[in-house]
Structure formats: C-alpha cells, structure tokens
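First comes the structure, then the notes that go with it.
Derivation of every value follows stated rules applied to the coordinates shown; laboratory data play no part. In this text, all values refer to a predicted model and were calculated from it rather than measured experimentally. Cβ: placed from backbone, ideal geometry, glycine included. Neighbour counts: every protein chain shown.
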Amino acid sequence: MTVKVEKIEGGIPHTTIMIAGLVASVILLYLTYANIAVGTEYFAFFGGLATVAALIWGSHTIKVLCSYGIGTGVPSAGMIAFGSGVIAMLFATKYGIAAPIVAIVLAAIIGAIIGFVANNVLNMRIPVMIQSLTEMAIIGAVILMGYAAMMTGSFELTSLITGKVSILGLSLPSYQASFIGGGLIAVVFMLGAIAIQHPFNACLGPSWTQDRMLMLAAECGFLSMITAAVMSMAIVSMGAALVSLLVAIIGWYYTYTKYIELSYRDAASWVDSKPIPETEGQ
Amino acid sequence: MSAIAAKPAAGAAMDMTSTLIGIIILLILIAATYFVAGSGLAFMALIGVIVGGILIGFGVHFVPVGGAPAAMGQAPGIATGVAMLAAGAGLAGLFGGAWAAELGLVVATITGAIGGGLLMAVTCMFVNFIYVFGMGIPSASGKVDKDPITGDTQKEFKSQGTEGHGLPFVSYVGGVIGGIFGGGGGTLIYLMLLDLYKVELPGMMNALPGQVLPIAITLAGIFAIGIFLVNAVLAAYNITGTIEGPHDPKFKRFPRAIVACAIASALCGMVAIMIVAV
C-alpha cells in the first residue's frame, strides 16, 4: 500500500498545475479579445482552449479534494464548482474587457466563503477544503467564460445576450438567438460540469497515475469543445465555428490516442478482444 | 497527509464560533444588499432566495441517499449521490414551477413542490421495484428497529453484515417530502429572480419587456440552478454523503445545514441581484 500512496502523491505538484492552469486560461481568454481588435470571429477557438486548460487544472483540484473522502461522490464537486462559478461569471461579464479578472476575483470570494461554510460551519474539517472550493469556483467561472467566448466570440454581457437573426437577407438583432437568451448557457453548464468531474471519477483507485488523468481531462475538454463548436454555429459565423470544430477534433483525436496509450501502459495486461468470433465452417 | 489517512471528520456537534461568524457574514450580506439595492423588489428577492435555499438544504436531509453501498444492496436508500438526486428533484420541480410562473407565486411554488415530490415518488417506487424484484432483497432499515410510520419490525429482514437494504416505507415518505421541499425551494428562487429581472432588465438594456423575456427567464433559471446545486452539495457535505431518511440520526444535524445554506444563498443571491441593481 505504501508504494501506491506515494504514487498518488507523486507527479507534478498541485501548485504548479494551479498556476499553469490559471495563467494559461486567462491568457487564452484574452486572446479571444483579438476578435474585437481585428474585427473577425476566427479567434473564438481560443475560448475553447481556455476551457481545456482550466479543465486540466480542475480535474487535479478535484483529485486533491476528493482524495480526502468527502463522502458525497466526485460529481458533487463538479456541481458546486459550476454552481458557484456561473454566478461569478455572469456578474463579471458586465465589466467588459476586465471580465476575466473580475470573474476570477469574485469567484475566489464566493468560493472562499462557501469553503469556510463547508469546512467550519458544517464541521467538515478537511485541510484543503477552503482552498479547493476557492479554486473550483474560479475554474467554474473561467470554463463558462471560455465557452461563452468560444460560442459568441466575446465575453461581454451585451454580446452574450444579443444575437442576430437573418430574415429574407435582413440581419435583425434578436435576444432569443443568443448565448444566454437561447439557453445555451445551460448546456455548457452541464458540458463543463460533467467534463470536470469525469477524469478523476474514471481514473481514481490504487492505479491512479497523474499523466493519465490529466490526459483524460484534456480529452474530455476537447470532446465538450466539439459539442460547443457545433452549437456555436448558431451564433458566430460559419467559418469561425468550423475553425473551432477543426481545432477541437484535432485536439480530441490527439489526446484520445494518447490516453489509450497511457491506459495500455498502466493496465496490468490487456487482450485485444475481437468481435464475436466466426465459428462457421469449423 | 496521505489520501488514506484522511477521513471525513464531520461530527454531529455544531461549532458555535464558526456558526456565529457565519451568521455575522449572513447579516453583513443582507445589510449590504439593503444599502445597495434598497428595500424594494431586489431586497425581497434576496429574502426569497435565502428562504428557497434553506428549503433546499432542509429538504436534502429527507431524501434517502444510499450511494455506492446501496447499489450493492448493503445500505438502504437510492443508489446514487445527492448531487444527482437533488438535481433531478430540484430541476423537475423548477421546470414544473416555471410553467406555472404566470399563475402567481403561491400556485407556482406549490406546482414546483409537487413536481419535485412527484419525481422523487416515481424514483423511489422504481428503485424499490428493482431492489425487490430485480435484486431480490427485502426493504429493511439498519438505523431503527421499527418503521416509525407503519410500525413494521426491521431486524428480521436485515442481512448480516449490512446496514440494511432496500427502501423502507419511512425512507419513501422522506424522499417525497424531500422532493417537495427541494422543488418548492428551487422554484421560489427562480420566481423571485424572474420577477426582479422582468422589472429591471428592460431599463438596463433599453428594450421592451417582451423582448427581454427570454433573457430574464434564462438568467433566473441558470442562477436558480446554480444556487440550487450549491445548497444541495452543502447539505450533502453535512450528511457526509449518505442518509436513510428522516429517522436517521444524521437528520439531527440539519440546523448546521440551515445556517450554511442561508449564508451560501445570501451570497449567491446578492451577486445575482447585483447584476441588475448595480
């Protein structure tokens, strides 16, 4: 058993992953701002990459929190992350270009208070509880903002609530055909919440290895990005949506093959089982 | 600390110092909303959100959550986690209540409560159906000798080495009550936020009330889902994952959850209100 515990604690330290995830997702979120600077929508896919970076960070945070045995199952951590994250994210979109920073600060405050409530008022007494729930709220907010930026090309409230409908060649503003008005935010809420909890839920156990779990997190992120790219066709131009889709499919294919390789590496043994063998003629 | 050494240390006791700090945070949040948004609709919305959050947190304690042991027939309850059950009951209630939103606060909240209760009733029935006819296990509680409602004895039916199994009658009733509280609380949050957004958004966006209705509905809905999930998971942390129903000794921990859910709902509700009030 000792060996396995060491293995669980090994790998890249959590602080490194946290800083890398935070910096990468913020930079990638701001890269979508190039859309407004240049006047296109082709940079929207950076929002999707920001969600992948945040998901990798998030799955490791869930691992840190859930290795203490909180008793409620791993999915609950994903749900509380997005429940507190969506509130911070929607409020922050009011602040224009400062939105990602405001979202991170506000989510940190919300997460810290919820962490205090869970740890002290509910008497959970888990050493990493406050820090983890703070991180989870930030991750939830960043992922939702990433999807918003990917599907609308911007992370500002006005572009999230107004879309365009073309009737007989006329382009009319519409509140219904938008990221929030069309309810797309509810879909990405669940896309992200499932993608963030799945990697640790699938990889936990004595044979847990860090690189395999993080690769699965990236795979889940790109898989969700494919769905988000398809949905973004309703809002951004078709060209931009196709660029996002292409990036997502390439990323998903790469991470998926890598993940299968790592699974083979970690498995005790594997048999390449065939479909039902043909017994005819014997 | 290694992963194996650490175990949830959540006792039944209430940490009075932390609870007092929590209540002070709650009062500060309510006061801050009062000073920023005034005593009008926004303040009423905050009170509604807090009441809804408390109902959700209280309701979760009734729901028989079994988790993985229940799936193996080694503990009573529904074989899944709180997050899934509460999301199911709460969202079913929310959708039910949202359809009735035009009929007024009372009708809509009761409709939402019935929606949540109905989902739990159907879930509990089919869970028991599968337990009894699919897995071949009788329903027996491990926490009490006699069912508090029917008076049926439990011990003879309980297998050795388990904490009970199946879904006893009292757990079924608890599940329905939990669904009613959860669905009603979720709907109340949605309705209070919807009323506020319907009034405030047209002015904020310079648009007609009819145009902003989709935005108001989605914003209120997604905030209600977010606040609902936060409260449900906090209540789940309070019972450390599993509970048999209202007869379980863990049920007595609910005062902690009420304080916790009030703080969390006030915090989330304040931000949700500030999006239109600031």
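Computed over the alpha carbons of chain A, Rg followed by Dmax gives 20.4, 73 Å.
Scanning chain A for long hydrophobic helices, with DSSP H runs required to stretch 30 angstrom or more by C-alpha along their axis and to average at least 1.0 on the Kyte-Doolittle scale, returns A:45-66, A:129-152.
At the listed q of 0.14, 0.18 Å⁻¹, the Debye profile of the range A:129-282, built from one uniform point per Cα, gives log10 I(q)/I(0) equal to -0.80, -1.09.
Let me make sure I get this right: for the range B:133-259, a, b and c are the square roots of the gyration tensor eigenvalues over alpha carbons, sorted descending. Under 1.5 in a/c it's rounded, otherwise prolate if a/b > b/c, else oblate. Which is it? Here the range B:133-259 falls in the prolate category.
Relative to one another, the C-alpha centroids of the range A:12-38 and the range A:177-227 are positioned 17 Å apart. The equivalent ellipsoid that matches the C-alpha gyration tensor of the range A:101-165 spans semi-axes of 32, 9, 9 angstrom, in descending order.
With contacts taken as Cα pairs under 8 Å at a separation of at least 6 residues, the range A:2-265 carries a relative contact order of 24 percent.
As a test of the formula, what do you get for chain B when each DSSP H run with n ≥ 4 contributes -39,500 (n - 2.57) and the sum is divided by the residue count, at 222 nm and rounded to the nearest 500 deg cm²/dmol?
On the way: 8 runs with 181 residues, N = 278.
Roughly -23000 deg cm²/dmol at 222 nm, from the helical runs in chain B.
Mind sorting B:V212, B:V132, B:V144, A:V271 by how few other Cβ atoms lie within 10 Å of their own Cβ, fewest first? Each step should come with its number before you reach the end.
Numbers: B:V212 23, B:V132 14, B:V144 18, A:V271 5.
Listed from fewest to most nearby Cβ atoms, that is A:V271, B:V132, B:V144, B:V212.
Taking label positions 7 Å along the Cα-Cβ direction at both A:V230 and B:D145, the computed distance is 5.9 nm, reported to one decimal.
The ratio of the alpha-carbon radius of gyration of the protein assembly as shown to the globular-protein estimate 2.2 N^0.38 Å is 0.98.
Of chain A, which part is the longest with no GluC sites (Glu not before Pro) in a loop (DSSP not H, G, I, E, B) and with at most 11 other C-beta atoms within 10 angstrom?
On the way: sites that count: A:E278, A:E280.
In short, A:1-277.
By other beta-carbon atoms within 10 Å, ranking B:V233, B:V276 with the fewest at the front produces B:V276, B:V233.
FRET efficiency for the A:D266 to B:A68 pair, using the beta carbon distance and R₀ = 22 Å, is estimated at 0.45. Using only the alpha-carbon atoms of the range A:24-124 as identical scatterers, what base-10 log of I(q)/I(0) does the Debye formula give at q = 0.14, 0.18, 0.25 Å⁻¹? Each listed q corresponds, in turn, to -0.63, -0.94, -1.41.
Relative contact order of chain B, please, whole-number percent, based on alpha carbon pairs below 8 angstrom and at least 6 residues apart.
Values: 542 pairs, mean separation 89.1, N = 278.
Relative contact order of chain B: 32 percent.
Is there a quick way to get the dipole size of chain B? I mean about its Cα centre, with the Cβ of Lys and Arg at +1 and of Asp and Glu at -1; what is the value in debye to the nearest 20?
340 debye
GNM on chain A, alpha-carbon springs under 10 angstrom: the most fluctuating residue among A:A218, A:A20, A:A268 is A:A268. Mind pulling the angle between the C-alpha long axis of helix B:41-60 and the longest principal axis of chain B? Nearest 10 degrees, somewhere in 0 to 90. With rounding to tens, the tilt is 10 degrees.
Approximating the spin labels as points 7 Å out from Cα along Cα→Cβ, the B:F133-to-B:A13 distance works out to 5.0 nm. Note on the range B:52-277: Kirkwood radius taken over Cα pairs, Stokes-Einstein applied at 10 °C and 1.306 mPa s, translational D equal to 89 µm² s⁻¹.
Sort B:F43, B:F133 by Cβ crowding within 10 Å, fewest neighbours at the top.
Details: B:F43 18, B:F133 8.
In increasing order of surrounding Cβ atoms, one gets B:F133, B:F43.
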